[in-house]
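Here's the structure we're looking at; comments come further down.
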Amino acid sequence: MGLNVGCLDHGFVKLVDSMGGDLSVVNAARISYNKSSEEFNERDEKLIGFLGEHGHTAPFRHVYMTLHFKAPLFIRAQAIKHMVGADHTFKDVSSNEISMRYTTLGEPEYYIPKSLRSQSASNKQASGEDLDEEAQSGLLAIYQDSIEDALVNYRLLIHSGVAREQARMILPTALYTEWVVTGSLQWAAHFVKLRSAPGAQTEIREFANAVEFIASQIAPTAWAALMKGNVG
Ligand SMILES: Cc1cc2nc3c(=O)[nH]c(=O)nc-3n(C[C@H](O)[C@H](O)[C@H](O)COP(=O)(O)OP(=O)(O)OC[C@H]3O[C@@H](n4cnc5c(N)ncnc54)[C@H](O)[C@@H]3O)c2cc1C
């Protein structure tokens, strides 16, 4: 499919596969009248706008995508909270991740921020302005040294015969992991709305923007309508 959006220093969101598009949304809605469209036209565009505006979300859940994420562990912990994509009565978004019980880290990649931010004074979970430049390099060195130390100790534990499933317990959340997730267009819209908002962590916003770009290529009109509507 060829869509691959780079995020942070080593991350990405790649489109692995997708099912459906604008026409699938239209035809799911038109079956109420036992009608369907062969080619997307102006009336279809209006119908999609109506569906989005009035929160008729079921037709949007006939478009699905499988995305491959590469992101630090702390981003993965936030991303996989988004579990609902097709029916609110059960968890239906599927995800699978590399296991560090099965694999030993060779040359692991980890995230190094371009700058360190201050703690926000007004929002307990947010960050504020960048720390001043003088402090940056010393603090970034502490950040990187801490991760390198953990990696040295991880290898030591592995070489000393400790099981991978236990050695991994000391690893920092800045390490990159990879997973694939399959969800509907509505799942993607809900994820993007929450995770690209100003209250979301700066780093995950890059991944939300990547998902937004990919979803908007799969079903451009439906995506715009979902993002405009109040229902995720
Ligand atoms: C800025 C920010 C900070 C956060 N901080 C924390 C934190 O500190 N700790 C933490 O644990 N999590 C935190 N979260 C995660 C948050 O609590 C949600 O788990 C996450 O955003 C996924 O959203 P969701 O539950 O709406 O998504 P999903 O589970 O994917 O659900 C999607 C939508 O489906 C509907 N839905 C889902 N289940 C049902 C149901 N059973 N019945 C009816 N409708 C349903 C709802 O409309 C829901 O919004 C944070 C999220 C954000 C964006």
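The values are calculated or read from the model by the stated rules, or taken from the named source; none is laboratory data. A quick note: this is a predicted structure, and the numbers were derived from the prediction, not measured. Cβ placement follows ideal geometry from the backbone for every residue including glycine, while neighbour counts extend to all protein chains displayed.
Comparison of 162, 84 shows that the only residue that is under 23 Å from residue 209 (Cα atoms), assigned to a loop (DSSP other than H, G, I, E, B) and aliphatic (A, V, I, L, M) is 84.
Note on the stretch 201-232: residues that are within 11 Å of the ligand (Cβ to nearest atom), at pLDDT 95 or above and among the aliphatic types (A, V, I, L, M) total 2.
Here residue 178 does not fit the description of being loosely packed, with under 14 Cβ neighbours inside 10 Å, within 30 Å of residue 84 (Cα to Cα) and under 26 Å from the mean Cα position of the chain (by Cα).
Let's see how each residue does on (1) within 16 Å of the ligand (Cβ to nearest atom); (2) within 24 Å of the chain's Cα centre (by Cα); (3) without any contact (Cβ under 8 Å) to a residue 60 or more places away in the chain:
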residue	(1), (2), (3)
109	no, yes, no
123	yes, yes, no
130	no, no, yes
134	no, no, yes
141	no, no, yes
151	no, no, yes
182	yes, yes, no
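Of note, residue 198 does not satisfy the criterion of being surrounded by 12 or more Cβ atoms within 10 Å (Cβ to Cβ) and assigned to a loop (DSSP other than H, G, I, E, B).
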